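Remarks on the structure that follows.
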Amino acid sequence: MPKHPARKNGEALRALLRLPPGERVELAGYDARATPGAPGGRRAGLADTARTGRRLARLQERLWAAGRAGDHRRVLLVLQGMDTSGKGGTVKHVIGRLNPAGCRITAFGVPTEEERRHDFLWRVRRALPEAGEIGVFDRSHYEDVLIARVRHLARPAEIGSRYGLINDFERSLAEDGVTLVKCFLHLSPEEQGRRLLRRLDRPDKRWKFDPADLDGRARWSAHQEAHELALTRCSAPYAPWYLVPADRKWYRDWAIGRLLLEHLRELDPRYPEPGFDVAECRLRLLERM
């Protein structure tokens, strides 16, 4: 049964959570309550998440500043998972610590009439981050090989062709300076049931509940098979998948924050050099004070 290996001192978390490209993924072999690489329990994880958030904010500012000066690099965080797996929670608790001016967040829902008139990647291209930005997809282009497959929204041959189109699309993004961080939030059916029940039992959470979530739950096996196929066929060195156990919310937030931090550190964005004489401008300012 596959599982995440133990993290060694100094080892990058992405090496621990990355799904090996080319290998068949079987989700049943991964523990959704596991905490691979965590600094300790919940309390230690929350404290480290706060520290990570401060480091992310500093790096994001540097990326944003570099982008304004002509650096075309950017980051795209893709969040996929079953209902209640925590895509919105990740945006709130991880991305919410960053400067919104440098973030572009898109939650993909049911395609609009205009979107249906174009190919399935059309709306995705329109939502891509620009230079210096961190983009976040709450669901993504993968819905067109997940929901479309489970609910038979397109012919099997058409769905089958989309995996190759997705790979070509992601390769072109990587070649154009986009760092892809694709995270599958691995949730157990037991934990999903508890979260849905809390939404029904708490008046302040009922607005989040959608009866259609129960239909998705009834098709759990079909959804898992669709995810396994997408994770297997659309994982490459330039766009790997990271499997993040999501039953423990604190771990999910910690892990995704750390993954983003590792990628931004590797990019190492720098503040641009000013295009003016700093000493002269400082002198002029002091003369008028």
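The values are calculated or read from the model by the stated rules, or taken from the named source; none is laboratory data. The structure displayed is predicted, hence computed values, not measured ones. Note that we place each Cβ from the backbone using ideal geometry, even for glycine, and neighbour counts take in every protein chain shown. For accessibility, only protein heavy atoms count, side chains too; no ligands or nucleic acids. Shrake-Rupley method; radii C 1.70, N 1.55, O 1.52, S 1.80 Å.
Ignoring ligands, DNA and RNA, how do Ser221, Ser172 rank by accessible area with a 1.4 Å probe, largest first?
Ranked list, largest accessible area first: Ser221, Ser172.
With r as the distance between the Cβ atoms of Arg51 and Thr112 and R0 = 35 Å, compute the FRET efficiency 1/(1 + (r/R0)^6) and round to 0.05.
Efficiency for this residue pair is about 0.30.
Which of the trypsin sites (Lys or Arg not before Pro) found in the range 28-99 are in a DSSP loop and have at most 15 neighbouring Cβ atoms, other than their own, within 10 Å?
Hits after loop and neighbour filter: Arg33.
Indicate the gyration tensor shape class of the chain (rounded, prolate or oblate), computed on the Cα atoms with a ≥ b ≥ c the square roots of the eigenvalues: a/c under 1.5 is rounded; otherwise a/b larger than b/c is prolate and the rest oblate.
Taking the square roots of the gyration eigenvalues as a ≥ b ≥ c, the chain is prolate.
What nm value, rounded to one decimal, do you get for the distance between Arg68 and Ala157 when each label is placed 7 Å out toward the C-beta?
Here the modelled spin labels are 5.3 nm apart.
Would you check the accessible area of Leu214, probe 1.4 Å, heavy atoms only, in square angstrom rounded to 10?
We get 90 Å² for Leu214.
To the nearest 10 degrees, how steep is helix 249-267 against the longest Cα principal axis of the chain, on a 0 to 90 scale?
That works out to roughly 50 degrees.
What angle do you read, to the nearest 10 degrees and between 0 and 90, between the alpha-carbon axis of helix 278-287 and the longest principal axis of the chain?
Between helix and principal axis, roughly 60 degrees.
Glu273 versus Trp207, label points 7 Å from Cα toward the beta carbon: distance in nm?
5.1
Could you tell me the accessible area of Phe209 in Å² (1.4 Å probe, neighbours in place), rounded to the nearest ten?
That residue has around 40 Å² of solvent-accessible surface.
What percent does the relative contact order of the range 82-149 come to when contacts are Cα pairs within less than 8 Å and at least six residues apart?
Normalised by residue count, the contact order of the range 82-149 is 42 percent.
Can you bin the range 116-179 into rounded, prolate or oblate? Criterion: square roots of the alpha carbon gyration tensor eigenvalues sorted a ≥ b ≥ c, rounded for a/c under 1.5, prolate for a/b above b/c, oblate for the rest.
In terms of gyration-tensor shape, prolate.
With a point put 7 Å past each Cα toward its Cβ, work out how far Arg104 is from Arg265 in nm, to one decimal.
Calculated label separation equals 2.8 nm.
Rounded to the nearest 20 Debye, what is the dipole magnitude of the range 133-286 about its Cα centre when Lys and Arg each give +1 and Asp and Glu each give -1 at the C-beta?
800
In the chain, what % of DSSP beta bridges are antiparallel (nearest 5)?
Just about 10 percent of them are antiparallel.
Looking at the square roots a ≥ b ≥ c of the eigenvalues of the Cα gyration tensor of the range 1-158, which shape do they give, rounded for a/c under 1.5, prolate if a/b is larger than b/c, or oblate?
Oblate.
Arrange the residues Trp250, Trp207, Trp241 by how much accessible surface each exposes, largest first, with a 1.4 angstrom probe.
My answer, sorted largest first, is Trp207, Trp250, Trp241.
Quote the relative contact order of the chain in percent (integer), defining contacts as alpha-carbon pairs under 8 Å separated by 6+ residues.
It rounds to 33 percent for the chain.
For helix 156-175, what angle does its Cα long axis make with the longest principal axis of the chain, in degrees from 0 to 90 and rounded to 10?
Helix 156-175 sits roughly 20 degrees off the main axis of the chain.
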